[in-house]
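Only one structure is covered here, and it is reproduced in the block below.
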Amino acid sequence: MRRCGAGKEKVEKQTKTFYKSGMERTERAAREEAEITLLTGAKAGEMLRFAYSGEGLVRSWSVYRVHHRPGAGVSVGYRVIIDEKQPFKRSDLYILASTARIGDEQLSAAAGKRLRLGETKVNLWKYPFDPELPALPVACDTGKMSRYLGYAVDLELLGYRPTRRAVVKAAAVGTPHNSPLYLKVLRPRAGKELEERLNAVRRAGIPGPQIHSSVRGMVVTESVRGVPLSKLFAAACMQVSGVRKLSRAEFALTRRSLADTLDALPELILGKKRLPAWAERCDYYADAAAAALPGHAGECRQAAEDIRYLLSRADMGRPVPVHGDFYEANVYVDPQTGLVSGILDLDSLSVGYRVHDWGCLLGHMSVLPGISADAYAFVPQLTDDWFAEIRRETDPCALCASAAGVVLSLVSDSRRKSVPRNRQALNRLRTAQKWIARGYGML
């Protein structure tokens, strides 16, 4: 039964706090686009040479990655070759520059620097000494982590979002019976909140990561069983070691297992602050997408307008516990049965609408073929199958809008180095537009 149109006032009231006024948002977006241009242009080299002139001579620099958090600043990572004065050696450094607000005490503790580049205040620091992640230098130090864990380990950085979080894999050396551990590095307060969420999930019988230990700003967890859901997708059309090829009927059981896992999320989370879903922040992500695709800025912002309109016409259902970042990399499954065996990345566990968890999954699935057409050739068919099943449980209009919001948020993530436009970013914008068109077809 179609339920679009119900609850319009309720949705508008609950989501309006996640948007700024058009003028304020436009000014912020223009400022952040200018910051990206500044921090990826020639003046960035002048900034690096000036900031580190006391330590040595900057021989070369290049932009490695741009991190744009709409409304929270721009961070750029640089690979910098510097001839140091003391000791006399050539070093290959990873240096971060950020326009995010960082306290003087935190920046000083990380031996960071603050300067002005024109009218823009910029904070700089050397990786891994992130001013907001005080545990990161320890998490990236093989000797210190080996002593902390009680056995020798090799460390691998799996992901790093400046000032926000990092994930490091610690694999035992010479003790193959020890499964890898994962070091989740966060702001100290967020670390405590993550521990609470992990404990609540396991008490609810959901196979979340078991906490091994923790220190201020770092939570060490054990491995979960199984393989990422993405490997199950790939095994449908190519050989994946240890993963069985499932039939379409068996994939329906996988989808049911996903639903059962979401339904089991602990009710006690309902007392927590509600975090906005990706689609509810579509204006911010449209601005980031516009910065990545300046030639399509109008289309990016129109996509956000369409998403908000679809949400206003949708029945979101009742508030329930939600994962908040429910997609194939955060879901592990049994490689033989396809049933859920582990859930990761529970930082965003809060209260929200179930449709946003499903929209997150379908949105991510819809961009997989753009990453590897061969590995994920079966995913478009599976996305349609699962959409047909999920729409029986949620408003299809809301589902399309939510998936579109997630894909729109991924447009800027496809940015590579200092190049603001690329084929993958445009493909993702087109995918978001397809979800929007499908949503309008549900009205």
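The values are calculated or read from the model by the stated rules, or taken from the named source; none is laboratory data. Predicted model, so just to flag it, every value in this text is computed and none were measured. With ideal geometry, Cβ positions are generated from the backbone for all residues, glycine too; neighbour counts draw on all protein chains shown. The accessibility values were calculated without ligands, DNA or RNA, using every heavy atom of the protein model including side chains. Shrake-Rupley method; radii C 1.70, N 1.55, O 1.52, S 1.80 Å.
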Query raised in the report: Residue check: is residue 78 hydroxyl-bearing (Ser, Thr, Tyr), in a strand (DSSP E or B) and open to solvent by 50 Å² or more (accessible area, probe 1.4 Å)?
Result: no
Report task. Could you please find all residues in segment 241-265 being crowded, with 19+ Cβ neighbours inside 10 Å, within 25 Å of the chain's Cα centre (by Cα) and outside any helix (DSSP H, G or I)? Result -> 265
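Out of all the residues in segment 400-420, is one or more within 29 Å of residue 268 (Cβ to Cβ), among the hydrophobic types (A, V, I, L, M, F, W, C), in contact (Cβ under 8 Å) with a residue 24 or more places away in the chain and outside any helix (DSSP H, G or I)?
There is no residue in segment 400-420 that is within 29 Å of residue 268 (Cβ to Cβ), among the hydrophobic types (A, V, I, L, M, F, W, C), in contact (Cβ under 8 Å) with a residue 24 or more places away in the chain and outside any helix (DSSP H, G or I).
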Requested in this report: Could you look through segment 349-380, keep only residues that are under 15 Å from residue 318 (Cβ atoms), in contact with a strand residue (DSSP E or B) (Cβ under 8 Å, 6 or more places away or on another chain) and not small (Gly, Ala, Ser), and pick out the one that is surrounded by the most Cβ atoms within 10 Å (Cβ to Cβ)?
Outcome: 356
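Condition check ((1) more than 18 Å from the chain's Cα centre (by Cα); (2) modelled with pLDDT under 95; (3) more than 28 Å from residue 245 (Cα to Cα)) across all residues:
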{"site": "358", "(1), (2), (3)": "no, no, no"}
{"site": "366", "(1), (2), (3)": "no, no, no"}
{"site": "377", "(1), (2), (3)": "yes, no, no"}
{"site": "394", "(1), (2), (3)": "yes, no, yes"}
{"site": "407", "(1), (2), (3)": "no, no, no"}
{"site": "412", "(1), (2), (3)": "no, yes, yes"}
{"site": "418", "(1), (2), (3)": "yes, yes, yes"}
{"site": "426", "(1), (2), (3)": "yes, yes, yes"}
{"site": "429", "(1), (2), (3)": "no, no, yes"}
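One line per residue, one yes/no per condition, for (1) closer than 19 Å to residue 255 by Cβ; (2) in a loop (DSSP other than H, G, I, E, B); (3) among the aliphatic types (A, V, I, L, M); (4) touching a Phe, Trp or Tyr at 6+ places or on another chain (Cβ under 6 Å):
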{"residue": "288", "(1), (2), (3), (4)": "no, no, yes, no"}
{"residue": "299", "(1), (2), (3), (4)": "no, no, no, no"}
{"residue": "314", "(1), (2), (3), (4)": "no, yes, yes, no"}
{"residue": "326", "(1), (2), (3), (4)": "yes, yes, no, no"}
{"residue": "332", "(1), (2), (3), (4)": "yes, no, no, no"}
{"residue": "338", "(1), (2), (3), (4)": "yes, yes, no, no"}
{"residue": "348", "(1), (2), (3), (4)": "no, yes, no, no"}
Query raised in the report: Among the numbered criteria (1) open to solvent by 50 Å² or more (accessible area, probe 1.4 Å); (2) without any contact (Cβ under 8 Å) to a residue 24 or more places away in the chain, which single criterion is violated by residue 43?
Result: (2)
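Quick one: in segment 132-150, of everything that is surrounded by fewer than 14 Cβ atoms within 10 Å (Cβ to Cβ) and more than 23 Å from residue 91 (Cα to Cα), which residue is modelled with the highest pLDDT? Let's see the steps before the verdict.
The initial filter retains those residues of segment 132-150 that are surrounded by fewer than 14 Cβ atoms within 10 Å (Cβ to Cβ), namely 142-144, 147, 150.
Checking which are more than 23 Å from residue 91 (Cα to Cα) leaves us with 147, 150.
On the way: 147: 96, 150: 92.
Only one residue fits best here, namely 147.
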Query raised in the report: Which number in (1) surrounded by fewer than 24 Cβ atoms within 10 Å (Cβ to Cβ); (2) in a helix (DSSP H, G or I) marks the one condition that residue 342 misses?
Result: (2)
Query raised in the report: Hey, residue 85 hits all of (1) out of contact with any Asp or Glu (no Cβ under 8 Å at 6 or more places or on another chain); (2) free of Cβ contacts under 8 Å to residues at least 60 places away in the same chain but one; which does it fall short on?
Result: (1)
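So in segment 164-223, with the set limited to residues that are polar (S, T, N, Q) and open to solvent by 40 Å² or more (accessible area, probe 1.4 Å), which one is nearest to residue 127 (Cα to Cα)?
Only one residue fits best here, namely 214.
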Query raised in the report: Could you say whether any residue in segment 388-398 is open to solvent by 30 Å² or more (accessible area, probe 1.4 Å) and small (Gly, Ala, Ser)?
Result: yes
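Among the residues of segment 110-131 satisfying the criterion of being in contact (Cβ under 8 Å) with a residue 40 or more places away in the chain and assigned to a strand (DSSP E or B), which is most open to solvent (accessible area, probe 1.4 Å)?
113
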**Report entry** Filter result for residue 244 (closer than 26 Å to residue 352 by Cβ and charged (D, E, K, R))
**Finding:** no
Report task. Could you give me the residue pairs with C-beta distances under 6 Å whose first residue belongs to segment 314-327 and is over 19 Å from residue 391 (Cβ atoms), whose second residue is among the acidic types (Asp, Glu) and open to solvent by less than 20 Å² (accessible area, probe 1.4 Å) wherever it lies, and which are 6+ apart or on separate chains? Result -> 323/357
Report task. Residues being in a helix (DSSP H, G or I) and either over 17 Å from residue 288 (Cβ atoms) or not acidic (Asp, Glu) (or both): count how many of those fall in segment 24-66. Result -> 22
Report task. Please go through segment 93-139 and pick out each residue that is in contact with a helix residue (DSSP H, G or I) (Cβ under 7 Å, 6 or more places away or on another chain) and among the aliphatic types (A, V, I, L, M). Result -> 95, 97, 115, 117, 122, 124, 138, 139
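Which ones in segment 275-295 are out of contact with any helix residue (DSSP H, G or I) (no Cβ under 6 Å at 6 or more places or on another chain) and either closer than 17 Å to residue 412 by Cα or small (Gly, Ala, Ser) (or both)?
284, 294, 295
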Report summary line: Of those in segment 266-286 that are part of a helix (DSSP H, G or I), open to solvent by 40 Å² or more (accessible area, probe 1.4 Å) and among the charged types (D, E, K, R), the residue farthest from residue 318 (Cα to Cα) is 281
Query raised in the report: Out of (1) open to solvent by less than 30 Å² (accessible area, probe 1.4 Å); (2) on the phi > 0 side of the Ramachandran plot, the odd one out for residue 311 is which?
Result: (2)
Report task. Determine, yes or no, whether residue 71 is touching a residue at least 40 places away in the same chain (Cβ under 8 Å) and either under 28 Å from residue 413 (Cα atoms) or open to solvent by less than 80 Å² (accessible area, probe 1.4 Å) (or both). Result -> yes
